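Engineer: Could you have a look at this structure, given as structure tokens, before my questions?
The values are calculated or read from the model by the stated rules, or taken from the named source; none is laboratory data. Because the structure is a prediction, the values reported are computed rather than measured. So basically every Cβ, Gly included, is an ideal-geometry build from the backbone, and we count neighbours across all protein chains shown. In case anyone asks, the SASA skips ligands and DNA or RNA and just uses the protein heavy atoms, side chains included. Shrake-Rupley method; radii C 1.70, N 1.55, O 1.52, S 1.80 Å.
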Amino acid sequence: MAASFAAVKTIFAWLPLRDIIEPPHQQFDAMLARQIALHITIRTFHVPKRRVVELQQRSREAVNRALRTIDERLDSPEFASIYRLIQTRAREFFGQKMTDARNAA
């Protein structure tokens, strides 16, 4: 999840990470950023939805709604392009963390 949130932060640079993780009410860009991070966590890294629900302390319906929202937005070529950029960065961050962990061991 950390890689997903870090990657989203690179695009939503004006948002503090805490607002992406826990968006303030009516801050729609922060809500979208969190939805993207959850979508990447589940769809790209294959973290079970149940685990994401537990870690994020969200309802299953809220997580499912986030997934549906991003799935629908991916129909837009412009959104899909930015999403793929965030997804690539998340994979890179994850790979770097794994490399760092192996080197530290």
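Engineer: So which residues in segment 1-35 are more than 11 Å from the chain's Cα centre (by Cα) and among the polar types (S, T, N, Q)?
Structural biologist: Hits for segment 1-35 are Thr10, Gln26, Gln27.
Engineer: Quick one: would you say Pro24 is modelled with pLDDT of 95 or more and over 20 Å from Arg73 (Cβ atoms)?
Structural biologist: Here the answer is no, as Pro24 does not meet what is asked.
Engineer: Okay, moving on. Could you list, in sequence order, the residues of segment 40-90 that are polar (S, T, N, Q) and in a helix (DSSP H, G or I)?
Structural biologist: Listed by number, the residues that qualify are Thr41, Thr44, Gln56, Asn64, Thr69, Ser81, Gln87, Thr88.
Engineer: Out of Arg43, Arg102, report the one residue that is among the basic types (Lys, Arg), open to solvent by 50 Å² or more (accessible area, probe 1.4 Å) and under 11 Å from the mean Cα position of the chain (by Cα).
Structural biologist: Answer to the selection: Arg43.
Engineer: Let me ask you something else. Regarding segment 21-30, can at least one residue be identified that is polar (S, T, N, Q) and under 26 Å from Met98 (Cβ atoms)?
Structural biologist: No: zero hits.
Engineer: Which of (1) loosely packed, with under 14 Cβ neighbours inside 10 Å; (2) touching a helix residue (DSSP H, G or I) at 6+ places or on another chain (Cβ under 8 Å) is the odd one out, the single condition Arg89 does not satisfy?
Structural biologist: The number of the failed condition is (1).
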